[in-house]
Amino acid sequence: MATRPITKSSQPVDHWSLAAGLASEEGTVKQYPPDRIRNVALASHGGTGKTSLTEALLYVTHAISRLGRVEDGTTVSDWDPDEHKRRISIILSIIPLEWRDHKINLIDTPGYFDFVGEVHSALRVVDAVLIPMDATVGVEVGTEHVWELAEARDLPRALLVNKMDREHANFAKALASARTAFGNRVVPMQLPIGQEKTFRGYVDVLSGQAYQFTDNGGAEPTSLPDELVPLLDEFRTQLVEAACESDEELTLRYLEGDELSLDELRAGVRAAIASGSLVPLFVSAATSLKGALPLLDAIVDYFPAPGVVRGERNDGQAVELAPDSTGPLAAVVFKTIADPFVGKLSYFRVYSGTLRTDSQVAVPQRGETERIGQLFIVRGKEQTPVGQIGPGDIGAVAKLQVARTGDTLTDPARPLRLAGIEFPEPVFTVAVTPRSKTDLDKMGTALHRILEEDPTLRVARENQTGETLLSGLGESHVQIALDRMARKFGVHVDWSLPRIPYRETISVPVRRVEYKHKKQTGGHGQYGHVFLDLEPLPDAEFEFHETIVGGVVPKQFIPAVEKGVREAMEEGVLAGYPVVNVKVTLVDGSYHSVDSSELSFKIAAAQAFRKGQAAAKPILLEPIMRLRVTVPDAYTGDVMSDLNGKRAQVLGMSPGDNGRTTIEALVPLVEIQRYATELRSLTQGRGTFHTEFSHYQPVPQHLAEAIIQESRARHAAVAS
């Protein structure tokens, strides 16, 4: 299809003057209708400049008067002390901006995979995702991951080639990598004029107008460089076709050669972006403010406003909710910040109705009501009190007692439930040990508060080892959570890899193992005498039987015999681990009419079992996990080789239709305790995995001896 003529609808505006004219009256917060709100997540691979871009947008819209730097820890969105310490984003940050009488709620998210739970929270409440790319690198694994998350939620996406002023910046390669990864629906809406040190402007592909950047983040018209004319013609054709394909009337007029106005084409592009059939690509150099205000123009002009969402009544009936301030209240809590002094701060988005300060709401997921205190508009760590938050907007409230992340806030008289948030499962686990008695006393409460703040963390108790286990999305994730617990709640712990919950069993049967417990104490003595048979029991943990004839062991003492055996099984003779897969039969014994008691027979049974286990060639068992690893086909060989070195039994491989293969294997737990880190290294972060317990199996003899010695040494140290 040939490119058709288009007509401009307006002349370029003075961006800086427009920004200055939007300043609100001092002490007031302007309320915006839903059609003038844009909720946008900034999400991508780490190091692509999301936080610097956020800072630039704040600066050029006069929200801040001084440009902060990530390296100095002075940016608005990286406000947490852990972020200052590590120079990376760790938690999402809400950054509201005002531009052209619109409100843009940016949510700056971490790029490091350990904190991808924050991306899940952000994507739950936005209407579009802006994915920055590094102009010197192009598409990276984090870019791909964010794309997949957005696509799974059917969210409109846009790409931004950032850092165009850096050495080795290459727009053509960045665009090619985006099209290779995401297809030809990626179309530039801006073409850069120059790159690296010569990056000085851009061409608006839809209008064909070239602009030169100004010092204040805006742009002014300039002449079109001759070398960009062929590219402009090519991409404008693609853009116009995408715009027309979103509207049947536009398509017919385009084919008939009618002249289309710029406003008509913009409407078509807006519809194509909303449907996902077009992914626009923009350019910028955030740290030098280049492209900042044109990007805000694009967000206002082309990104979708809040629309209709689906909810559910208490009776399960589906309902559609429009962003209407007079409609039934429906809001979702998508992030919780734990603070030891002021309590919880809960971020939420209103989808329908209006949430007001000092009101009462229902929380359907908890079956309780909640009082809403003071509402806030949040910008980084800054909180501005407001009286209400309307539909489509994002706000915060302090000290919620009932609601948790993912819960719905709704009108008690007209209760509704919105979908929650699906978070990834933890993949890395550590055992945490308090450093002092004071830390022990406060650790439970502190862990609970940290879990409220980060739903991707899990806490469990391993009964066999007695350890408290903390699980997260990676080693850094867990370490930072513990650092935060120390800083916020004064609880200091040490962590280590959890002890493996080994078990013991017997490998051969033994018959008539005898033990006689006889003790005289001056009064009543103690007397219990038993004969036990022990047999391996592969398909069950434990069975107890008795074949007593003639009352040689009175029936009232038989339960005590079983109890003694069970207590002895809690700590095996080999390495002190619990004993399983054993069948025990009481076959004979004797008693004393005066000195026999339940305690005597319990002691006799326990000692007989220990004696029998030692004689039945005891062996050590280790937990085996069922592991499912999904990786791009190119990494299959490396992953298979690594699994072979981990004593894995590969069960099969299932090629997918997306260039990925799933490998299923049985692997000893001890071999994959750091698998989250190892798989990322093997696959450059592109592999994912899931584990679940499968069964226990014998530890190879050459490994068992070291485990036994280590366990005995640990028991000896505890005893001393």
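The values are calculated or read from the model by the stated rules, or taken from the named source; none is laboratory data. These numbers come from a predicted model, not from an experiment. A quick note on method: Cβ atoms are made from the backbone with ideal geometry, for glycine too, and the neighbour counts reach across all protein chains shown.
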Subject >> Every residue from the range 133-154 that is surrounded by fewer than 18 Cβ atoms within 10 Å (Cβ to Cβ) and in contact with a strand residue (DSSP E or B) (Cβ under 6 Å, 6 or more places away or on another chain) >> reply: none
Subject >> Qualifying position, being within 21 Å of the chain's Cα centre (by Cα), assigned by TED's automatic domain parsing to the domain that holds Leu296 and closer than 27 Å to Ala481 by Cβ, among Gly68, Gly111 >> reply: Gly111
Original post:
Tell me, which strands (runs of 3 or more DSSP E) wholly within the range 171-224 include 1 or more residues that are under 30 Å from Gly276 (Cβ atoms) and free of Cβ contacts under 8 Å to residues at least 60 places away in the same chain?
Top reply: 190-193, 201-204, 209-213
Subject >> Residue tally, condition surrounded by fewer than 22 Cβ atoms within 10 Å (Cβ to Cβ) and in contact (Cβ under 8 Å) with a residue 12 or more places away in the chain, over the range 58-67 >> reply: 5
Subject >> Flag if Ser507 is polar (S, T, N, Q), touching a residue at least 60 places away in the same chain (Cβ under 8 Å) and in contact with a helix residue (DSSP H, G or I) (Cβ under 6 Å, 6 or more places away or on another chain) >> reply: no
Subject >> Subset of the range 646-674 [among the small types (Gly, Ala, Ser) and surrounded by 18 or more Cβ atoms within 10 Å (Cβ to Cβ)] >> reply: Ala648, Ala665
Original post:
Of all residues in the range 341-375 being within 28 Å of the chain's Cα centre (by Cα) and free of Cβ contacts under 8 Å to residues at least 24 places away in the same chain, which is nearest to Ala396 (Cα to Cα)?
Top reply: Leu375
**OP:** Could you check how many residues of the range 398-453 are buried (at least 17 other Cβ atoms within 10 Å of the Cβ), over 23 Å from Val126 (Cβ atoms) and among the acidic types (Asp, Glu)?
**Re:** 2
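Do any helices (runs of 4 or more DSSP H) lying entirely in the range 608-720 carry at least 2 residues that are among the basic types (Lys, Arg), and which ones are they?
Filter on the range 608-720 gives 701-719.
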Original post:
Are any residues in the range 59-68 part of a loop (DSSP other than H, G, I, E, B) and either more than 14 Å from Ser89 (Cβ to Cβ) or modelled with pLDDT under 90 (or both), and if so, which ones?
Top reply: Thr61, His62, Ala63, Ile64, Ser65, Arg66, Leu67
Original post:
In the set Thr688, Thr677, which member is outside the structural domain of Gln464 (by TED's automatic domain parsing) and crowded, with 17+ Cβ neighbours inside 10 Å?
Top reply: Thr688
Original post:
Name the residues in the range 680-720 that are under 14 Å from Leu669 (Cα atoms) and hydroxyl-bearing (Ser, Thr, Tyr), would you?
Top reply: Thr691, Ser694, Tyr696
Original post:
Given the conditions (1) within 30 Å of Ala568 (Cα to Cα); (2) over 22 Å from the mean Cα position of the chain (by Cα); (3) surrounded by fewer than 21 Cβ atoms within 10 Å (Cβ to Cβ); (4) at pLDDT 95 or above, and given that His492 satisfies all but one, which numbered condition is not satisfied?
Top reply: (1)
Original post:
Pick from the range 306-321 the residues that are touching a residue at least 60 places away in the same chain (Cβ under 8 Å) and small (Gly, Ala, Ser): which of them is surrounded by the most Cβ atoms within 10 Å (Cβ to Cβ)?
Top reply: Gly311
Subject >> Top-ranked residue in the range 69-121 [being among the hydrophobic types (A, V, I, L, M, F, W, C) and part of a loop (DSSP other than H, G, I, E, B); ranked as farthest from Gly406 (Cα to Cα)] >> reply: Val70
Original post:
Does any residue of the range 667-688 turn out to be more than 22 Å from Glu475 (Cβ to Cβ) and modelled with pLDDT of 95 or more?
Top reply: no
Original post:
Take the residues of the range 81-90 that are under 20 Å from Ala43 (Cα atoms) and in contact (Cβ under 8 Å) with a residue 60 or more places away in the chain: which is nearest to the chain's Cα centre (by Cα)?
Top reply: Ile90
**OP:** Mind telling me which of the residues Thr222, Thr237 ends up being touching a strand residue (DSSP E or B) at 6+ places or on another chain (Cβ under 6 Å), more than 30 Å from Ala322 (Cβ to Cβ) and either in the same structural domain as Val186 (by TED's automatic domain parsing) or loosely packed, with under 15 Cβ neighbours inside 10 Å (or both)?
**Re:** Thr222
Subject >> Residue list for the range 332-382, filter: surrounded by fewer than 20 Cβ atoms within 10 Å (Cβ to Cβ), at negative phi and acidic (Asp, Glu) >> reply: Asp339, Glu368, Glu382
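Residue by residue through the range 252-270, note down the ones that are farther than 30 Å from Ala63 by Cβ and crowded, with 16+ Cβ neighbours inside 10 Å.
Within the range 252-270, Arg253, Tyr254, Leu260, Glu264, Leu265, Gly268 meet the criteria.
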**OP:** Could you tell me which residue of the range 514-545 is surrounded by the most Cβ atoms within 10 Å (Cβ to Cβ), considering only residues that are of a type in the set (A, V, I, L, M) and under 18 Å from Phe557 (Cα atoms)?
**Re:** Val530
**OP:** All but one of (1) among the polar types (S, T, N, Q); (2) under 28 Å from Lys50 (Cα atoms); (3) crowded, with 18+ Cβ neighbours inside 10 Å hold for Ser277, so report the exception by its number.
**Re:** (3)
